[in-house]
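Colleague: Take this structure, written in structure tokens, and hold onto it; I'll ask about it next.
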Amino acid sequence: MTAAPAVRRSELSDALRACRGAFIGVGLMSCMINLLYLTGSVFMLEVYDRVLPSRSVPTLVGLIIIAGGLYIAQGMLDLLRGRILGRVGTALDEALNARVFDTVVRLPLMVGNRSEGLQPLRDLDNVRSFLGSMGPGAFFDLPWLPFYMAICFAFHWLLGVTALIGAVILVTLTLITEYMSRSPAKEAMTLAARRNDLAASSRRNAEVLVAMGMAGRMNNRWNEANEDYLAGNQRASDVTGGLGAVAKVLRMMLQSAVLGVGAYLVIQQEATGGIIIAGSILSARALAPVDLAIAHWKGFVAARQSWQRLNRLLQQIPPRAAQTLLQAPSKRLLVEGVTMVAPGDQRVIVQDVTFAVEAGSGVGVIGPSGSGKSSLIRALVGVWTPVRGKVRLDGAALDQWSSDVLGRYIGYLPQDVELFGGSVAQNICRFDPEAKSDAIIAAAKEAGVHEMIIKMREGYDTQVGEQGTALSAGQAQRVALARALYGNPFLIVLDEPNSNLDSEGDEALTRAVRAARERGAVVVVVAHRPIGIEGVDQLLVLKDGRMQTFGPKETVLGQVLQRVAPPPPIKIVSDAGAAKP
Ligand SMILES: Nc1ncnc2c1ncn2[C@@H]1O[C@H](COP(=O)(O)OP(=O)(O)OP(=O)(O)O)[C@@H](O)[C@H]1O
Ligand SMILES: [Mg+2]
């Protein structure tokens, strides 16, 4: 399996190159296996030409013992070769899966909806499972075809020519298989991805589907997608299956043809009886890998396409360079002319936002729906990269940090809270296996959620279902607040942290914002309700992606209120006493 020339030196080929030793071993084993494949032919030759004429039973027994031993050796080598190839697949997977998972996570942040979802992980599976199948063994045996041909020629040129014609036909058949299965395999893969996406989104939105009677309709869409997939898959299988059957029949015909030619040679007294049988076995043996290769061609094409797709993807998202460790930020947040477009889109959604705040400040971000608040916030925490401008912590732009290290200094509560399957404590400590209970409880207390958690049946060990389903929306939001506060990060960014909170939750939020500021953090809060920005001292107003105002809260609020509600004109009403302004 080779990658396209343009992408030869890639991480994938490097990973495969690391398994070079294993491949050399497999090559050597294939060498021995193919020599051992001659056992049957040589045995036949000896039996016909030596044992039968001499009628010697001891010779026969000796031959049987030797042949038996060689067969066993061949079987063991074959087994070993299969295992090594399987392990190469596993090693390749182990070397790359973390990297591929990382791209699966990061790709949507870079290209938006054009990302291929979980396909890269499936691609890695494809490559691994192909390496573990019988297919690669067949590819190692194929180069031996000329060797067997040469032996056939050595028996008699007529036998050689017959076998050669057969070989040419079968190799042509292999090339036809390759040509015809390429596009059906690709199509089947795309259809499978579409089908899986549909299933995943239906599962995520099960409540909506059931409540509004959309389940049946979604079922129909699924059926259609599934039928398309099955048909596509069938087309791919039909091609390789059909050609595989032809190959098998041809191989049997060839075997008989060689027998026929051998018989003719014996009649003409140009060969011995043993040669007929041996030649027939040999030619069948020579072409067996072609059969096997055609049978595994579908898997091969799928693995090759996966390989190329993975190569493209890994090049598109290069590994993150190991950045120099910077000191923990502690002084200021600087946003310099940040302009953003949504991933995979051209439309500008945040334009030229500039502001700076010192440690201990709290910034409220307000503005109408769709004004770009959440988008701006995504730039602050580094999930979307601005097309222009920089976000800096203590002067260092976010891209100078590795994201794992930066994550320690950032607390982020997204607008749509989703917790991960695991315990409440694990969710709060961001699944850090070395987290200390004290730190978890401190974060929970700071978020004002400790009491709520210990009232749960299993306290901090309560299992949060997938997507946080075991908690109410408000509870999940408060646990997510504790997660944002965990580890006392320097920059805490909360996107509508109170959208699901009751008044007690609102107060806890305000307390948490104040406490974080007091210990020297910068807190940025997006809020629609005034209560959300109670704990901040600065306000930033966004409208249509542009910064309208930024400044001390009281000043900005005054301006906004004036703009939103200009003082009513003084009306003189006839009843003078009631109309005093
Ligand atoms: N992932 C995305 N892909 C494409 N466009 C997006 C994406 N996310 C947001 N947008 C667009 O960016 C604009 C700003 O969205 P954003 O979510 O930042 O608004 P917001 O101010 O947070 O609104 P809300 O108050 O409703 O949360 C919207 O017009 C939206 O359509
Ligand atoms: Mg928003």
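Every number here is computed from the coordinates shown, using simple stated rules; none is lab data. Since we're looking at a predicted model, the values are computed, not measured. Heads up, the Cβs are rebuilt from the backbone with ideal geometry, glycines too, and the neighbour counts pull from every protein chain shown.
Colleague: What number comes out for the charge environment of Cys19, summing +1 per Lys or Arg and -1 per Asp or Glu over other residues with Cβ under 15 Å away?
Modeller: Values: positive: Arg17, Arg20, Arg81, Arg83, Arg87, Arg128; negative: Glu11, Asp14, Asp93, Glu94.
Value of the local net charge: +2.
Colleague: So for Lys436, Lys298, fewest C-beta neighbours within 10 Å to most, what's the order?
Modeller: Sorted ascending by nearby Cβ count, the order is Lys436, Lys298.
Colleague: What is the extension gain from Asn219 to Leu326, computed as 0.36 nm multiplied by their sequence separation minus the C-alpha to C-alpha distance, in nm to one decimal? Walk me through the intermediate numbers first.
Modeller: Numbers: separation 107, 0.36 × 107 = 38.52 nm, distance 5.21 nm.
So the chain would gain 33.3 nm between Asn219 and Leu326.
Colleague: Okay, next question. Dipole magnitude of segment 332-564 about its Cα centre, charges +1 at Lys/Arg Cβ and -1 at Asp/Glu Cβ only, in debye to the nearest 20? Walk me through the numbers before you get to the answer.
Modeller: Working: 24 positive and 28 negative charges, 107 e Å.
Value, rounded to 20: 520 debye.
Colleague: Taking the Cα atoms only, what angle lies between the long axis of helix 473-485 and the longest principal axis of the chain, rounded to 10 degrees?
Modeller: 90
Colleague: Hey, for a label at Glu554 modelled as a point 7 Å past Cα toward Cβ, could you say which residues of segment 525-544 have their backbone N under 20 Å away?
Modeller: Zone members listed by number: 530-541.
Colleague: Exposure proxy check: Leu158, Leu494, Leu52 ranked by fewest other beta carbons within 10 Å? Let's see the in-between values first.
Modeller: Numbers: Leu158 19, Leu494 28, Leu52 13.
Listed from fewest to most nearby Cβ atoms, that is Leu52, Leu158, Leu494.
Colleague: Okay, next question. What number, in nm² with one decimal, is the all-direction average of the projected area of the convex hull of the alpha-carbon atoms of segment 1-107?
Modeller: Numbers: hull surface 36.4 nm².
Result: 9.1 nm².
Colleague: Quick one: the Cα spread of the chain along its three principal axes, in angstroms, biggest first?
Modeller: The Cα atoms of the chain stretch 137, 52, 47 Å along their principal axes.
Colleague: Taking all pairs of distinct Cα atoms, average 1/r, flip it, and tell me the Kirkwood hydrodynamic radius of segment 332-564 in Å to one decimal place. Could you put the intermediate results ahead of the total?
Modeller: On the way: mean 1/r = 0.0559 Å⁻¹.
Final number for the Kirkwood radius of segment 332-564 is 17.9 Å.
Colleague: Right, next: Step through the residues of segment 535-545 one at a time and calculate ³J(HN,Hα) from phi using the Karplus curve (6.51 cos²θ - 1.76 cosθ + 1.60, θ = phi - 60°), rounding each to whole Hz and writing x for Gly and Pro.
Modeller: Running phi through 6.51 cos²θ - 1.76 cosθ + 1.60 with θ = phi - 60° gives x, 9, 10, 10, 10, 10, 10, 10, 8, 6, x Hz.
Colleague: How many percent of DSSP beta bridges within segment 332-564 run antiparallel, rounded to 5? Mind dumping the intermediate values first?
Modeller: On the way: 22 of 40 bridges.
Counting only bridges with both partners in segment 332-564, antiparallel ones make up about 55 percent.
Colleague: Turning to a different aspect of this structure: Once R0 is set to 35 Å, what does the formula 1/(1 + (r/R0)^6) return for the Cβ-Cβ distance between Gln562 and Thr385, expressed as a FRET efficiency to the nearest 0.05? Working shown, then result.
Modeller: Values: r = 37 Å, r/R0 = 1.05.
Taking R0 as 35 Å, the efficiency between Gln562 and Thr385 is 0.45.
Colleague: In addition: For the Cα atoms of the chain, what angle does the longest principal axis make with the long axis of helix 119-132, in degrees from 0 to 90, nearest 10?
Modeller: So the inclination is approximately 20 degrees.
Colleague: Cβ under 13 Å from Ala278's Cβ, Ala278 left aside: what net charge do those residues give with Lys, Arg +1 and Asp, Glu -1?
Modeller: Values: positive: Arg50, Arg285; negative: Glu46, Asp49.
Result for the local shell: 0.
Colleague: Further question on the same structure: Please list, ordered by chain and number, the residues whose modelled amide H lies under 5 Å from the amide H of Gly551; skip anything fewer than 5 residues away on the same chain.
Modeller: Leu539
Colleague: Now for a different question. Helix 145-155 versus the longest principal axis of the chain: what angle, 0 to 90°, nearest 10, using Cα atoms?
Modeller: Helix 145-155 and the main axis of the chain meet at about 0 degrees.
Colleague: Can you work out the FRET efficiency for the pair Ile64 and Ala95, with r the C-beta to C-beta distance and R0 = 45 Å, to the nearest 0.05?
Modeller: Values: r = 46 Å, r/R0 = 1.03.
For R0 = 45 Å, the calculated efficiency reads 0.45.
Colleague: Right, something else. With each pseudo-label sitting 7 Å past Cα toward Cβ, what's the Arg235-Arg511 distance in nm, one decimal?
Modeller: According to this spin-label approximation, the distance is 6.4 nm.
Colleague: Could I ask something else about it? As a check on your grasp of the helix formula, calculate [θ] at 222 nm for the chain: sum -39500 (n - 2.57) over DSSP H runs of n ≥ 4, divide by the residue count, round to the nearest 500. Intermediate results must be reported in sequence, preceding the final value.
Modeller: Values: 20 runs with 345 residues, N = 581.
Mean residue ellipticity, 222 nm, calculated: -20000 deg cm²/dmol.
Colleague: I would also like to ask the following. Would you please give the residues with an amide H less than 5 Å from that of Gly422, counting only those at least 5 places away or on a separate chain, with H modeled from the backbone geometry?
Modeller: Answer set, sorted by chain and number: Val464.
Colleague: Can you give me the long-range amide H partners of Val449? Hydrogens built in the peptide plane at 1.01 Å from N, cutoff under 5 Å, separation of 5 or more residues or another chain.
Modeller: Residues meeting the criterion, in which the H sits 1.01 Å from N, do not exist here.
Colleague: Given Cα positions, please report Rg to Rh for segment 116-254, the hydrodynamic radius being the Kirkwood one.
Modeller: On the way: Rg = 22.5 Å, Rh = 18.6 Å.
In segment 116-254, Rg relative to Rh is 1.21.
Colleague: In the chain, what percentage of the DSSP-assigned beta bridges are antiparallel, given to the nearest 5?
Modeller: Values: 22 of 40 bridges.
Percent antiparallel among DSSP bridges in the chain is about 55.
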